[in-house]
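Below you'll find the structure, written out as structure tokens, and then a few comments.
The values are calculated or read from the model by the stated rules, or taken from the named source; none is laboratory data. These figures come from a predicted structure and were not determined experimentally. Methodologically, a virtual Cβ is constructed for each residue, glycine included, from the backbone with ideal geometry; neighbour enumeration extends over all protein chains shown. The area values use the complete protein model at the heavy-atom level, side chains included, leaving out ligands, DNA and RNA. Shrake-Rupley method; radii C 1.70, N 1.55, O 1.52, S 1.80 Å.
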Amino acid sequence: MEAFDDENPFDAGSDRIPSEDSSTSRVDISEPSSPPQNVLSPLPTVQSPQSRAFPSQGSHRQQSKFKSDFCCARDRVLHSGEDIEILITDAVKTSVGATSPYIAYVIQTGDAVAHHRYSEFESLRSNLVKLYPTTIIPPIPSKQSIGDYAVKQAKAKEDAAMIARRKRMLQTFLNRLAKHPILSNAHVFHRFLDGDVSWTEVLNSPPISLLPKNILKAPSHDPTAEDASPAYAALPNPSAAHPLKNPDQRFLDSEIFTNKFASHLSGPMEKVTRRAVKRWADYAQDHAELGAALNGFSLNESGPLSAAVEKTGQAVDATYISTTKLAQELEQNWAEPINEYAQFSSIIKKLLAYRHQKQVQYEMTEDALAAKKEQLEELEKSEREARRLEDALGRSAISPRSPSSPRPDDQDNQEPRSDNDYSEPPDSSSSYVPPHPGPNPTRRTRAPGMGFLNALSYTLHGMMDVDPETARRNGISKTRESISQLEDALHLAAQDLKYSSSTIQSDLDRFQRQKVADIREMVICMARSHHDWCKKNLEAWEEAKKEIEKIPEHPNKMPSSAPQDSSTPAMGRRDSTATVNGR
């Protein structure tokens, strides 16, 4: 497996320089634009000998900060400074609040006990994803496949191995939430741990009831903000596949690294691990059958031989037990964390896709604003031209008329005038005013060669009697209003992009430290499991060796002083033909 640390973009200590065409040159993401939520470091927990070693107590934990204001009793327990671990102590079959029985998981947090079914864990996680769109929400175990239901049918929900696996992974999910610097402060999470609160009531009350239908059109730092600007409605709804004009190289590297990490985990690592666990399980089953056969065979013998065979069978049984335990520990401490981190990869991809959509939203809003400004410029240019033409027509209407331009109505009755007649100023009532350039009802006849649609449009236009000047000025007014709204929306999009970039990068750095600590713990657990397996097997086989050594030597064994030749078997080895051929 290739090394990731040399090219890991999640490393907080790496001095990466953003590219010149990065979006950071236009939107500063060095500090969050909105005040982040209270960031508190998780507290250390004490693990019982039977509990899982995950999440790790490793170096991803930050320096502890203690809260002084608590929203509820569960918040006080989680941040009181005591060593608290959330445990799922049992899984019971019940039908409380439902028409059919289901499995409820018993959650213990300090002295509080809550009961929740799998679907409620699922709804908790899905709502946390909406409430905290810039945070890595830990995964929960996946649902059973249709094949599982087809094979086991009614017993699928009662599968003991599946329930035990869900207990472990759901407990890991809750403890990861409790150790997260942001999610541990979520009141929705606190109410989930409170056994006296109805989860249906939580789902139908704030903040979950205030979630918008589209979180892309809500503030990144608080999607449930009731005082959010109405300019968010003007933001476009971009696609995750829409290309970026100015991509940020940091997040491009993060996406490449995540894809590579996911391909390693879901490809060779997961397949080889699954195959290795299956082979260890088959190996244990073979020893179980061999031990039973040897124990039965020892009953047919007597004396030291019977005791030796029986002790060998017991050593084989001990190997079966230790191998079964080894396979279980590999499943719990290696295979399940690998599957969990494969899910983490998908979660990070969605997180990066959200940040990608936020940048696309910013760029699309920027393009829309530029288009509206260009449209306004064209409309204002048309308005200036219309006013200039109107002023020119007005000046021509009040200016003295030259003798060469008589009124059209007087052309037929015009009589010769003397030179003195032209010196008199014309009467204002006789000045000619051109007709309005708008539609004229007398001209609503179909022009020769005009198509049916053009004629219909021309007729409807005349019926509506639209004033082009009024329509143009209304267009200018609406365009200016749209520009003002888009400017507000662009400012909000820039703030959201800056906040999303900084918080996502911060959580990716935290996740990297957590991942390094967890993988270290996984490898240590694997080494410890193999060491214990070897130690127990060695002890069992040493006991069997002592019993085997008590068996007397073969009665037909050659004396130690006899010379050896090529036809004589080596000393210390038994010749199976000695009993048959010896006399």
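Using every pair of alpha-carbon atoms in the stretch 71-211, split the distances into 5 Å bins beginning at 0 and state the percent of pairs per bin, rounded to integers.
Over the stretch 71-211, the share of Cα pairs per 5 Å bin runs 2, 9, 19, 23, 21, 14, 8, 4, 1, 0 percent.
Would you grab the residues whose amide H sits under 5 Å from the one on V113? Only those 5+ places off in sequence or on another chain, please, with H modelled 1.01 Å from N.
The answer is G195.
Of the options S239, N185, S263, report the single residue whose Cα projects farthest towards the positive end of the charge dipole of the stretch 158-263 (beta-carbon charges: Lys, Arg +1; Asp, Glu -1).
Projecting each Cα onto the dipole axis, the largest value belongs to S263.
Cα-Cα over 25 Å: which of K130/K373; K143/K271; K311/K536; K179/K325? Present the calculation step by step, with values, prior to reporting the outcome.
On the way: K130/K373 35 Å; K143/K271 20 Å; K311/K536 15 Å; K179/K325 29 Å.
Flagged as over cut-off: K130/K373; K179/K325.
I need the phi-derived Karplus couplings for the stretch 519-524: 6.51 cos²θ - 1.76 cosθ + 1.60, θ = phi - 60°, integer Hz, Gly and Pro marked x.
For the stretch 519-524, the Karplus-derived couplings read 5, 4, 5, 4, 5, 4 Hz, x marking Gly and Pro.
If you add up the charges near Y232, with Lys and Arg at +1 and Asp and Glu at -1, over every other residue whose beta carbon is less than 14 angstrom from its beta carbon, what do you get?
Charge balance near Y232 sits at -3.
All other residues with a Cβ under 15 Å from the Cβ of D532 taken together, and with Lys, Arg as +1 and Asp, Glu as -1, what is their net charge?
Working: positive: K325, R528, K535, K536; negative: E329, E539.
Charge balance near D532 sits at +2.
Once you have the Cα-Cα distance between K545 and E289, take 0.36 nm times their residue separation minus that, and quote the gain in nm to one decimal. Before the final figure, lay out each step's value.
Numbers: separation 256, 0.36 × 256 = 92.16 nm, distance 2.07 nm.
Taking 0.36 nm per residue and subtracting the Cα distance, the gain is 90.1 nm.
With every protein chain kept in the model, how would you rank Y341, Y102 by accessible area, 1.4 Å probe, largest at the top?
On the way: Y341 5, Y102 35 Å².
Solvent-accessible surface, decreasing: Y102, Y341.
Show the residues, 5+ positions off or on another chain, whose built amide H is closer than 5 Å to the amide H of D90.
Close amide H contacts, sequence-distant or interchain: V106.
How much accessible area per residue does the stretch 71-211 have, in Å², with a 1.4 Å probe? Before the final figure, lay out the partial values.
Details: 6250 Å² over 141 residues.
I get 44 Å² per residue for this part.
If amide H atoms are built 1.01 Å from N in the plane of the peptide, which residues on other chains or at least 5 residues away come under 5 Å of the amide H of D248?
Here S23 satisfy the definition.
Please list 512-519, 281-288 highest first by mean number of surrounding beta-carbon atoms within 10 Å per residue. Could you put the intermediate results ahead of the total?
Working: 512-519: 18.9, 281-288: 16.1.
Ranked from most to least packed, the peptides come out as 512-519, 281-288.
Note down the nm distance, to one decimal, between modelled labels 7 Å out along Cα→Cβ at A228 and at R76.
Those two pseudo-labels are separated by 3.4 nm.
From the phi angles alone, apply the Karplus equation (6.51, -1.76, 1.60; θ = phi - 60°) to the stretch 276-287 and give each ³J(HN,Hα) in whole Hz, x where the residue is Gly or Pro.
Once rounded to whole Hz, the list reads 5, 5, 5, 5, 5, 5, 5, 4, 5, 5, 4, 5.
How large are Rg and Dmax for the stretch 196-259 when only the alpha carbon atoms are used, in Å?
16.9, 51
Among 128-139, 217-228, how do they line up by average Cβ neighbours within 10 Å per residue, starting with the highest?
On the way: 128-139: 21.1, 217-228: 17.2.
With the highest mean Cβ count within 10 Å placed first, the list reads 128-139, 217-228.
State the extension gain, in nm to one decimal, for the chain segment bounded by D159 and K245, taking 0.36 nm per residue of separation less the distance between their alpha-carbons.
Working: separation 86, 0.36 × 86 = 30.96 nm, distance 5.13 nm.
This chain segment gains 25.8 nm when fully extended.
Counting only Cα atoms, I'd like the Rg/Rh figure for the stretch 315-380, Kirkwood definition for Rh.
Working: Rg = 28.1 Å, Rh = 16.9 Å.
Taking Rh as the inverse mean 1/r over Cα pairs, Rg/Rh reads 1.67.
Report the label-to-label distance for S302 and R473 in nanometres (one decimal), using points 7 Å from each Cα along the Cα→Cβ vector.
12.6 nm
Please report how far the C-alpha centroid of the stretch 227-286 lies from that of the stretch 76-95, rounded to the nearest whole angstrom.
Centre-to-centre (Cα) distance: 30 Å.
Separation between the K93 and S209 pseudo-spin-labels, each 7 Å from Cα along Cα→Cβ, expressed in nm?
Each label point is offset 7 Å from its Cα along the Cβ direction, giving 3.7 nm.
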